[in-house]
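Heads up, the thing below is written out as C-alpha cells.
The values are calculated or read from the model by the stated rules, or taken from the named source; none is laboratory data. Small disclaimer: the values here were computed from a predicted structure and weren't measured. FYI the Cβ positions are ideal-geometry reconstructions off the backbone, even for glycines, and counts take in every protein chain you see.
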C-alpha cells in the first residue's frame, strides 16, 4: 500500500518478503530525503512556523499581504537596519540607506514637518509647485488659496508682486533699494505694471510733489472793448485740468515788460462819468462768471478816465468737480446815459493765471 501525501510504499508486516520490503524502504527513504512540501509532502501552514530569528526572503518580494503589522518600538524608537520600515511611539518611520530615521506619520496625518519641509498641513490642504508660471501654490483645506502669516519676506533679485495669480493684468513692482532719506512712495504706471518708487522730502509734502497740481499762465496781451451790450475779450485764455481742488485765478503783469505794466483803464469820449464791468469767464463742465468787478470814475477831458492795476483782480474758484476748465478775462462798457459818457475799456500787458491748490 502507499501513503496519501508522499506516495510512499509501505511493506506489509509479515507478508512482504525479505528482499522486497528492503527495496521498498530504500525507495521511501529517497523520497523522504528529497521531499519539499510542494510537489511532495504536506504543505506547511503558518501555525506550524515558529520564527525565532531574522527571516530573509533572499531578494524576493513579499506578495499578496493584506497588511503588515509592526511591534511598536516605544518612546525611544527602534533602530532600523538600512532601507527598512519600523514604528516608534505609534508613528511610522523609515530608515534610509545612510541609517537616518525619517518620521513618516505624525498624529494621524502625513508628517511633513521635517527639515526642509512644511509642517501642520491638514487634510486636503497642500503646497503645490505649478510648472507653467513656475509658482508655488498654497491651498487651504477647502481648495482655496491660503493666506501667509509671516514676519518677514526676503527677496532675491528684482522684486515683483503679482497681485492677480497667473495673470499680467496687475503687477506691482517694489523699489530695488531703500530710500536715501525720509521719503514718500510714488507709483508709476506702464501698461499692466505698477512700479513703486521714492520721492525724498524731509519736511512734508510740497507742491512740486503733488502730481495732480496744475499751474498755467497765459501769454500777455492787450485788448480794447467798446461794446456796452456784450462782454469782450480782455486777455488770452488759459486752460487747466484740475483734480477738483480749489483754483487760484488772477491777473498779473507779463514779465519783462518794463517800463510797461499791466493795467485796466476806462476812458471817456468827453468829460463825464465813465464805467465798465469785468469778470473772469470760466468754461468747462460748468460755466460761470467769477471775480466780477465794476470800474467807475470821472473823465475831465476826452481820453481821460480811471486806470487800475490789473493785479486787483484775483481770487479763488472752487470747481464743482474734477475736470478741465478754461479761464479768460472779459469786460464791457457802461451804456451812455444817466450821467455816463461813451466809454472805452482797455487792458494792457495782462496775463491770466490759474493755479490749483
- Note on the structure: The one condition residue 129 fails out of (1) within 30 Å of residue 171 (Cβ to Cβ); (2) modelled with pLDDT under 85; (3) part of a loop (DSSP other than H, G, I, E, B) is (3)
- Would you pick out the residues in the stretch 14-60 that are at pLDDT below 80 and in a loop (DSSP other than H, G, I, E, B)? 14, 15, 16, 35, 36, 37, 38, 39, 40, 41
- Within the stretch 294-317, of all residues that are touching a strand residue (DSSP E or B) at 6+ places or on another chain (Cβ under 7 Å) and over 19 Å from residue 268 (Cα atoms), the one surrounded by the most Cβ atoms within 10 Å (Cβ to Cβ) is 310
- Message: When the residues of the stretch 243-262 are narrowed to those that are assigned to a strand (DSSP E or B) and modelled with pLDDT of 90 or more, which ends up surrounded by the fewest Cβ atoms within 10 Å (Cβ to Cβ)?
- Response: 248
- Task: Could you please find all residues in the stretch 168-190 being exposed (fewer than 13 other Cβ atoms within 10 Å of the Cβ), in contact with a strand residue (DSSP E or B) (Cβ under 9 Å, 6 or more places away or on another chain) and farther than 20 Å from residue 154 by Cβ?
- Result: 168, 170, 180, 181, 182, 185, 187, 188, 189
- Kindly indicate which of 84, 59, 69 is surrounded by fewer than 10 Cβ atoms within 10 Å (Cβ to Cβ) and under 30 Å from residue 108 (Cβ atoms). 69
- Query: Looking only at the stretch 283-340, which residues are within 18 Å of residue 245 (Cβ to Cβ) and part of a loop (DSSP other than H, G, I, E, B)?
  - Reply: 284, 285, 286, 318, 319, 320, 321, 322
- Task: Kindly indicate which of 310, 322, 335 is in the same structural domain as residue 238 (by TED's automatic domain parsing), in contact (Cβ under 8 Å) with a residue 12 or more places away in the chain and under 17 Å from residue 222 (Cβ atoms).
- Result: 310
